[in-house]
Amino acid sequence: MLNGRFGADETTDHLFTSACRMLVFLCLLATPLPSVSDTTLPVVTVSEDRGELDLAGRVALFVEPAPFNIDQVRRQPASAWQLPPHGINAGYDRSGHWVRLILRNPYDRPVKRLIQLEYPLLDHIEFYHMRRGFMLDQAVTGDTQPFSQRPLPQPDFVFPVTIPPDSDTHTYLRIRTDGSVQAPLKLWQEEAYYADREITLIWRSVFYGMLIVFAAFNLFLFMSSREPAHLSYVFLVLSVLALVMTITGFSYQHFYPEVPWLNNEATLVVVPLFLLALCLFNSSFLKLQQSHPKMHRLLQVMTIGSGLCVLGAFILPYAISTRLSVLIGIPVATINLMAGLMLFRQRETEIRLFSFAWALMVVGILATGLSKVGVIPNLEIVQHSIPIGTTLQAVLFSLALAVRFNRQRVAYFQARQHQAEAMEQQKSAEAALYRAASHNEITGLPNRGMFERALQNNLESLKPPELIGVFKLQIHDFEEIYKTLGYEHAEQLLARFARRLNERAVRTDEVSVIERGPYGHFSVSQVDSSTFALLTRGHSRTRLLERVQSATDPLRQPIDFMGLSLEMPFSVGCSFATTITDDVQSLLRESAIALDHAGNLDTFATMYDPVMNPYSPDRLTLMTDLREAIRRNELSLHLQPQRHLESGLVSGFEALVRWPHGRRGPIPPDEFIPVAERTGLIRPLTRWVLDEALRFCERLNEVDDSLTVSINISAVNLRDPEFIRDVLNLLDAHRMAATRLKLEVTETAAMEEPLRSLAVLSELRDHGISLSIDDFGTGHSSLSYLRRLPVDEIKIDRSFVMYMDANEGDATIVRATVNLCHDLGYQVVAEGVETQSVLDQLTAMGCDGAQGYYLSAPLPEDQLLEWLEQHHRGKQLLHQKTRRATE
């Protein structure tokens, strides 16, 4: 039995074959095949006038239900034979297909003809030529047989026949294949056939040469430009070359004619390899990631599928591999065509040429694939659709490359021209950019960066005993001017102030010039929104201070602006460098610290002093130690009694924190409390004081449960959103009535954020906590604002009380304060009472309470409780003596 490789298990592709047969069946429903019982079997009469005759519609077809031999086929009834009108194209069907051809020779001489089966991818073909039941010739061939077994050495299958004179011959062909069953048959005169083959060979050689040239050219372009699209196109062209050579039988004929298995493997590989190359090229050239991400993902899926089919060619059975390759070719062709059509709307000519080229190519692939599965007839143009499509695609691709090259050439010359124009503008643009990066956009003054560079240059050229001074000038409350005039007018005012300041500084010899340029000379730098800096150089600090003062004093005069006379008060801070070892950042930081202290002094300028620096190494160490002291409970609480003057009894105590440092000894509060406020430690410190004070209140219950404890709080506490919750939680924890606690806040702290302070103090007062204004008379508060505060008590600052017995002015202030506060409904407590005479005066004035060293110094808890017991005992004895005297 001539079965070749057909003994394999046919059930492996049963579902696929059933689907293909169903598709063919639907097509056959539209065009039913007539049987011999309906139509007389045609007889092909040879003629000397026709060198080529297409046998489509002139042959009969029989599909064997089981393997038949020639004798069994000859005995089949006429009704078993069908007449395909458009040629034989059965798609994927592994059944044996018998083709019957009747040739009639009307001449009185023998006639030779060639029967061409123009489809070289058939696995097994049996050829029988008979006359009146006698065998004239027979042969067995196919692409699974060595090439030498073919009757004629041609890439497709050609069978020579000789027809005796005045007789008919019957030719039978049995076709069996794992691939697509296609049998495009032609009848040729020998001379016409060989002439046609010569022309076909020439055109194919031209086609192969074009592909090789295109591949070489694009390889050169890739090596020059490193553009991935060129390399992927080389891969695509080579895969097209391999595909066309394989499906036309050229490679089997010329490269490996005696190795059928290699021909089979090549046939399996070339189709998915071409599809893989097509997807790779489209992905690299079309660049759909951004514009069409969904289509890009589809192309990626098709690329992976094609790659898997390439691998499947080496491991899957022949039948499954061929079907998968052809079936995946249809969606690959469709998706690539859709991608081309989507990009066709772009205006770039090369994109349109590429899209049109791929459309032609994909149409060819689609036509071939549909022909393979038997959906469309195997017409002549369909047989050559891939070579035609690839040729047109290569030509259009070359045109697209030419268009792109021309566009790049034009763009290159335009870029050179623009470059020349840009170079002319570059200097002005760089100058503008430099100015924008180095000057303030409102005032036009050099910014901090330029000031730092000028300062660095001066430091490097410093020669002792010469010194360098850095002066910072800050306008007070400029935000208020913004709010009053609006940003546009406020910026105009600021620019005028800066211009006047710079004009006077430039005319001052001791003030160094920061920049000389086309926009003018600048001796002032703007280092912040309302802060300016001057760089001075001389031999005396006093001289430099005088010169800067003479330059800036006129600026304190009001400025006429928009019909208004506006004052712009400012403060000045300065620092000095005497050696080249001084660094820029230290000088700037020191001048900033001096400027912070300048607002509290009445001098023209404040010079930096190390004691001003809250961020010195000693202060940083102190901050760390304070954090540990709070955590380890190493602080102590001292309490100073307050006396009610009318009754003479103790009314409460003020809690004062003390820090006995282990290495440095006692550290005063005015040294570590500012550090705590700046570093955020004030919250845990205040919480510690509250906790200790309320715990002391618990001990006071044994003596007198009406005594109160006062605690000082800062502006930082008033800004703390958790402060009220902390206070209430501690009261609950100690089970202490809110009336036992009194919080003292200074005027300055209450005025920092008036609305916020008012809200916090009001809420504390609503919870029953007493409030007191501490150090009254030293701040800059408004009486109208203080009147709004929900306070119960005013504490007169010690600076007015200590010497009021010797200073009538102080006594007048205290008397007026007591009267004013009483009229407003406040209790009044005087601090700093250190003599009996001061105490007597306060009592006479009607002051409510007193506190000071005359009554008692701040004492630790245990000593204070002893003092309180002795005080109560003394009061009792005094009361008894008084009663006896009256009796």
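Some observations on this one:
- Entry for the range 441-612 at q = 0.09, 0.15, 0.17 Å⁻¹: log10 I(q)/I(0) = -0.29, -0.81, -1.04, Debye formula applied to identical alpha-carbon scatterers, no solvent contribution.
- Taking 442, 88, 682 and counting other C-beta atoms within 10 Å, the order from fewest to most: 442, 682, 88
- Pairs of lysines in the chain whose Cα atoms sit within less than 27 Å of one another amount to 7, provided the residues are eight or more positions apart or on different chains.
- Angle between the chain longest axis and helix 723-734 axis [Cα atoms, degrees, rounded to 10]: 70 degrees
- Principal semi-axes in Å for the chain [√(5λ), Cα gyration tensor, largest first]: 113, 39, 22
- Taking 530, 799, 239 and counting other C-beta atoms within 10 Å, the order from fewest to most: 799, 530, 239
- The chain: angle of helix 293-315 to the longest principal axis, Cα-based, in degrees nearest 10: 50 degrees
- Ranked by the mean number of other Cβ atoms within 10 Å per residue, highest first, peptides 729-737, 426-434 order as 729-737, 426-434.
- Residues 261, 188, 203 arranged by fewest to most Cβ contacts within 10 Å: 261, 203, 188
- Alpha-carbon centroid distance for the pair the range 46-90 / the range 210-270, whole angstrom: 37 Å
- Length added when fully stretched, residue 95-residue 496, from 0.36 nm per residue minus Cα-Cα: 134.2 nm
- Of the two radii for the range 621-671, the radius of gyration is 1.18 times the Kirkwood radius, both from the alpha carbons; that is the Rg over Rh value.
- With the convex hull drawn around the C-alpha atoms of the range 105-197, the volume per residue stands at 95 Å³.
- Mean sequence separation of contacting Cα pairs (under 8 Å, at least six apart), scaled by the length of the chain, corresponds to a relative contact order of 6 percent.
- Gyration tensor over the Cα atoms of the range 641-872: the corresponding equivalent ellipsoid has semi-axes (square roots of 5 times the eigenvalues, largest first) of 26, 23, 18 Å.
- Nearest-ten-degree value, helix 190-225 long axis tilted from longest Cα axis of the chain: 20 degrees
- Packing-based order for 443-456, 759-772, using average beta carbon neighbours within 10 Å, highest first: 443-456, 759-772
- DSSP assigns beta bridges within the chain; of those with both partners inside it, close to 75 percent run antiparallel.
No value in this document is a laboratory result; all are computed from the given coordinates. If you're wondering where the values come from, they're calculated on a predicted model, not measured in any experiment. Neighbour counts run over all protein chains shown; Cβ positions are idealised from the backbone, glycine included.
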